[in-house]
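A quick write-up on the structure given underneath.
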Amino acid sequence: MNVIQTSRETGARERAVDMKLEVVVIPVKDVERAKGFYGGLGWRLDADFPVGDNFRVVQFTPPGSPASIHFGIGITSATPGSAKGIYLVVADIEAARTELISRGAEVSDIFHTAGPGTPRVDGPDPEHHSYSSFAKFSDPDGNEWILQEITARLPGRINTDATSFASVGDLAGALRRASVAHGDHEKRTGGQYDQNWPDWYAEYMVNEHAGKPLPT
């Protein structure tokens, strides 16, 4: 029997269907307490839908995040406080920690590692390498969040066909890093004003975002 491959079947092997992480469910005991905590952090309240006494779903979205969290009544059988190791990526871990503390969260001291499985060292990574610096905090039920500082993605971990920034803060941070790097570039070229600096900035920011080699 002859097998005829459809264009849809062929295309499926060439490119997987997009599957974008939308929501993480957080098990909590006291919905109002959790709502007050996450709202106090400055996270956006997207929904609060009660249906009778046995179902309620509350959705919050962290600033700049494409994904959200759900908690409520009747949406999970997990033990309240059992969600651990949920990562929040930030461009400036010291600024993020300071803001969270100002909003009432109890955040650990910052620590860093030389890589997965290596011992913790107090303080942020001295050179602020991406993926290296961390801090932790928990909600009132004990669900654990981990801040991780990332400014440049490793190759292959981002769609290189498009460059986007989740917030004004992320874009401003990328511009600052490009500005510092461009200053070093001008020093290496004799200190002359670079009239093509917008092109250099653009290449630096796109390459940093995609994990490609940076211009010098």
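For PRO140, the conditions (1) at pLDDT 90 or above; (2) outside any loop (DSSP other than H, G, I, E, B) all hold with the exception of (2). You will find that of GLY42, GLY64, GLY104, GLY123, the residue that is touching a His at 6+ places or on another chain (Cβ under 9 Å) and on the phi > 0 side of the Ramachandran plot is GLY123 and no other.
Every residue, every condition in (1) closer than 25 Å to ASP92 by Cα; (2) not acidic (Asp, Glu), yes or no:
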| residue | (1), (2) |
| --- | --- |
| VAL28 | no, yes |
| ALA34 | no, yes |
| LEU41 | yes, yes |
| ASP48 | no, no |
| ARG56 | no, yes |
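Which pairs turn up if I take residues in the range 185-203 that are on the phi < 0 side of the Ramachandran plot and look for partners that are at pLDDT below 85 and loosely packed, with under 11 Cβ neighbours inside 10 Å with beta carbon separation below 9 Å, at least 6 apart in sequence or on another chain? Close Cβ pairs (under 9 Å, with a partner that is at pLDDT below 85 and loosely packed, with under 11 Cβ neighbours inside 10 Å) amount to HIS185/THR216; GLU186/GLN192; GLU186/TYR193; ARG188/THR216. Meeting the requirement of 3 or more residues that are surrounded by 13 or more Cβ atoms within 10 Å (Cβ to Cβ) and out of contact with any Cys (no Cβ under 9 Å at 6 or more places or on another chain), the helices (runs of 4 or more DSSP H) wholly within the range 7-104 are 31-40, 93-102. Based on this model, can you work out whether GLY117 counts as in a loop (DSSP other than H, G, I, E, B), touching a residue at least 24 places away in the same chain (Cβ under 8 Å) and at positive phi? Spelling it out, it is not the case that GLY117 is in a loop (DSSP other than H, G, I, E, B), touching a residue at least 24 places away in the same chain (Cβ under 8 Å) and at positive phi.
Name the single residue that is modelled with the highest pLDDT among those in the range 179-195 being over 14 Å from MET205 (Cα atoms) and small (Gly, Ala, Ser). Checking each candidate, the answer is GLY183.
The values are calculated or read from the model by the stated rules, or taken from the named source; none is laboratory data. Since we're looking at a predicted model, the values are computed, not measured. No Cβ is skipped: glycine too gets one built from the backbone with ideal geometry, and neighbour counts run over all protein chains shown.
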